[in-house]
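Colleague: Can you read through this structure? Questions will come right after.
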Amino acid sequence: MRTPISYALANIPRYTSYPTAPHFGPLDQADYRDWLRGVAPGEPLSVYLHIPFCKSLCWYCGCHTAVTRSTGRIERYGAALRAETLLLAEALRNQAGIGHLHLGGGTPTALGAQELTAVLHLLRQELGFRPGAELAAELDPRSLDEPTVAALAAAGLTRASLGVQDISPAVQHRIGRVQSEDCVAQAVERLRAHGIGSINLDVMYGLPSQGVAEVQATARFAATLGADRVAVFGYAHVPWMKPHQNAIDSASLPGALERLMQAEAAEAVLGAAGYVAIGLDHFAKPEDEMAVAFREGRLRRNFQGYTTDTAPALLGLGASSIGSLPAGYAQNEADERKYVAAVEAGMLPVKRGRALTDDDRLRRHLIERVMCDFALDLGTLPTALLDEVMPALGRLDADGIVALERDFLRVTPAGQRHVRHVAAAFDAYLGTGSGRHSAAV
Ligand code: SF4
């Protein structure tokens, strides 16, 4: 059964947090400091570190980044990251160490191997890394030369996520990012040769002039390289938020039905290659930690999407980073220059956030579980909440998105791609803020 196309067209958040970022408000340093002090001393920490620089801008990019080659600007930013590390270490009582570190961007290697190593060294010194900690980075295959990979390995990197998008040169020309298959294969080989053995590849659908055949070929390529995990993301065309996306000819973008077929085609190729489908958009080898966590109901969702990270506190470092603390969400100043100025003045560079209420926590838990497990036990819901969500869940049941049986909700195989709609049924803020989101598929 094919679900109504209206589900693919609707604009729904990706629910990498709840409440979602458009519902954050002003947050001051004093409150943030209290929240940091409230992190339990014995719990492992997670860290997300944002480097907002790239050598050139890919037209499809939805990240918070800027093009620069100014070494002075980059060095100043690196120094600010180190200063922020010291400020956080001072504010925290935590000595349990970091279990997961994620370097995102932008292009983390734009910081330069020396500065990146210095930042990681300081994190190790001030917060510590737990035994077996995962150190992951988003990497651009076009900038992974031998010395850079050697430096990443020496700094302790364990996992690399490489952007592949689409291997077709025609599509690559239409998204302003040209990289050959050889370039990606060589990057993977180099990383493995240096002991960075966990490889994630990111593939996209919904790109200009992309068809099912291109998506299939790209998914096959990712499988052939033996990636441990493959993420298949739909291109989000949001030129009102990312004006550089106007360089993409919107007339050449596939429609909703074509996007659905592309997503299904990628899933079929990866399934045939032995990958396990996980949540909305991830695939993993059956023995991969993420596939195991999925099977065991331990999968989590955070700002990077699906994760095996279970730490109750995620610290965000760098401009625009969002942290998730037991007390609430905290987002740093997004403007890189203002971020640097705040840290140089000795201040925690926090700007926005959201304290969590008990109701937020309950809804967040339900949204995370349905996004991760495709199933939900409704038997434990308070009566008032159950009364509130049942009309929406009943409609989803009628449309074949979910199957309701007594107190249990299961997202149907056909409805899994539309799981954001199920999550939305529990969202008390949807439609109340200024947020505008991308298409749900
Ligand atoms: S390299 Fe990545 S972060 Fe930089 S512009 Fe391209 S897609 Fe965006």
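The values are calculated or read from the model by the stated rules, or taken from the named source; none is laboratory data. Computed from a predicted model, the values in this text were never measured in an experiment. Methodologically, a virtual Cβ is constructed for each residue, glycine included, from the backbone with ideal geometry; neighbour enumeration extends over all protein chains shown.
Colleague: Among the residues of the range 77-88, is any touching a Pro at 6+ places or on another chain (Cβ under 7 Å) and hydrophobic (A, V, I, L, M, F, W, C)?
Modeller: no
Colleague: Just checking, does the range 274-282 include any residue being touching a Leu at 6+ places or on another chain (Cβ under 8 Å), assigned to a loop (DSSP other than H, G, I, E, B) and farther than 24 Å from residue 108 by Cα?
Modeller: Yes: the range 274-282 contains one or more residues that are touching a Leu at 6+ places or on another chain (Cβ under 8 Å), assigned to a loop (DSSP other than H, G, I, E, B) and farther than 24 Å from residue 108 by Cα.
Every residue, every condition in (1) in contact with a Lys or Arg (Cβ under 9 Å, 6 or more places away or on another chain); (2) free of Cβ contacts under 8 Å to residues at least 40 places away in the same chain; (3) on the phi > 0 side of the Ramachandran plot; (4) within 13 Å of the ligand (Cβ to nearest atom), yes or no:
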site: 156; (1), (2), (3), (4): yes, yes, yes, no
site: 162; (1), (2), (3), (4): no, no, no, yes
site: 178; (1), (2), (3), (4): yes, yes, no, yes
site: 195; (1), (2), (3), (4): no, no, yes, no
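Colleague: Can you name the residue in the range 305-332 that is of a type in the set (A, V, I, L, M, F, W, C) and assigned to a loop (DSSP other than H, G, I, E, B) and, of all such residues, is modelled with the lowest pLDDT?
Modeller: Filtering the range 305-332 for residues of a type in the set (A, V, I, L, M, F, W, C) gives 311, 313-315, 317, 319, 322, 325, 327, 330.
Filter once more, keeping what is assigned to a loop (DSSP other than H, G, I, E, B): 311, 319, 327.
Numbers: 311: 93, 319: 98, 327: 97.
Here the residue is 311.
Colleague: Before we move on, is residue 271 assigned to a loop (DSSP other than H, G, I, E, B) and closer than 29 Å to residue 158 by Cβ?
Modeller: no
Colleague: Can you tell me how many residues within the range 77-108 are more than 24 Å from residue 132 (Cβ to Cβ) and within 13 Å of the ligand (Cβ to nearest atom)?
Modeller: Counting residues in the range 77-108 that are more than 24 Å from residue 132 (Cβ to Cβ) and within 13 Å of the ligand (Cβ to nearest atom) gives 3.
Colleague: Take the range 3-22 and flag every residue that is modelled with pLDDT of 90 or more and of a type in the set (S, T, N, Q).
Modeller: 16, 17, 20
Colleague: Does residue 218 satisfy being within 23 Å of the chain's Cα centre (by Cα), at pLDDT 95 or above, of a type in the set (Ser, Thr, Tyr) and under 24 Å from residue 133 (Cβ atoms)?
Modeller: no
Colleague: Follow-up question, since we're still on this one. Has the range 333-340 got at least one residue that is in a helix (DSSP H, G or I), over 30 Å from residue 406 (Cα atoms), in contact with a helix residue (DSSP H, G or I) (Cβ under 6 Å, 6 or more places away or on another chain) and in the same structural domain as residue 24 (by TED's automatic domain parsing)?
Modeller: Yes: the range 333-340 contains one or more residues that are in a helix (DSSP H, G or I), over 30 Å from residue 406 (Cα atoms), in contact with a helix residue (DSSP H, G or I) (Cβ under 6 Å, 6 or more places away or on another chain) and in the same structural domain as residue 24 (by TED's automatic domain parsing).
Colleague: How many residues are away from the ligand (no atom under 11 Å from the Cβ), basic (Lys, Arg) and over 26 Å from residue 300 (Cβ atoms) when one looks only at the range 34-76?
Modeller: Total meeting the criteria: 3.
Colleague: Would you be able to say whether some residue in the range 120-128 is away from the ligand (no atom under 16 Å from the Cβ) and either within 22 Å of the chain's Cα centre (by Cα) or within 20 Å of residue 161 (Cα to Cα) (or both)?
Modeller: Scanning the range 120-128, I find at least one residue that is away from the ligand (no atom under 16 Å from the Cβ) and either within 22 Å of the chain's Cα centre (by Cα) or within 20 Å of residue 161 (Cα to Cα) (or both), so the answer is yes.
Colleague: Scan the range 129-146 residue by residue and report those that are more than 13 Å from the ligand (Cβ to nearest atom) and under 23 Å from the mean Cα position of the chain (by Cα).
Modeller: Within the range 129-146, 129, 130, 132, 133, 134, 135, 136 meet the criteria.
Colleague: Quick one: residue 69 ticks every box in (1) surrounded by 19 or more Cβ atoms within 10 Å (Cβ to Cβ); (2) part of a loop (DSSP other than H, G, I, E, B); (3) among the charged types (D, E, K, R) except a single one, so which number is it?
Modeller: For residue 69, the failing item is (1).
Colleague: Could you check how many residues of the range 93-111 are touching a residue at least 60 places away in the same chain (Cβ under 8 Å) and part of a loop (DSSP other than H, G, I, E, B)? Can you show your working first?
Modeller: Of the residues in the range 93-111, the ones touching a residue at least 60 places away in the same chain (Cβ under 8 Å) are 94, 99-100, 102, 104, 111.
Next cut, part of a loop (DSSP other than H, G, I, E, B) only: 94.
So the count comes out to 1.
Colleague: To continue, here is another question. Which one of the conditions (1) surrounded by 21 or more Cβ atoms within 10 Å (Cβ to Cβ); (2) within 25 Å of residue 133 (Cα to Cα); (3) at pLDDT below 95 does residue 290 fail to meet, given that it meets all the rest?
Modeller: Residue 290 satisfies all of (1) surrounded by 21 or more Cβ atoms within 10 Å (Cβ to Cβ); (2) within 25 Å of residue 133 (Cα to Cα); (3) at pLDDT below 95 except (3).
Colleague: Exactly one condition in (1) in contact with a Phe, Trp or Tyr (Cβ under 7 Å, 6 or more places away or on another chain); (2) among the small types (Gly, Ala, Ser); (3) at pLDDT below 95 is not met by residue 266; state its number.
Modeller: Looking at each condition in turn, residue 266 falls short on (3).
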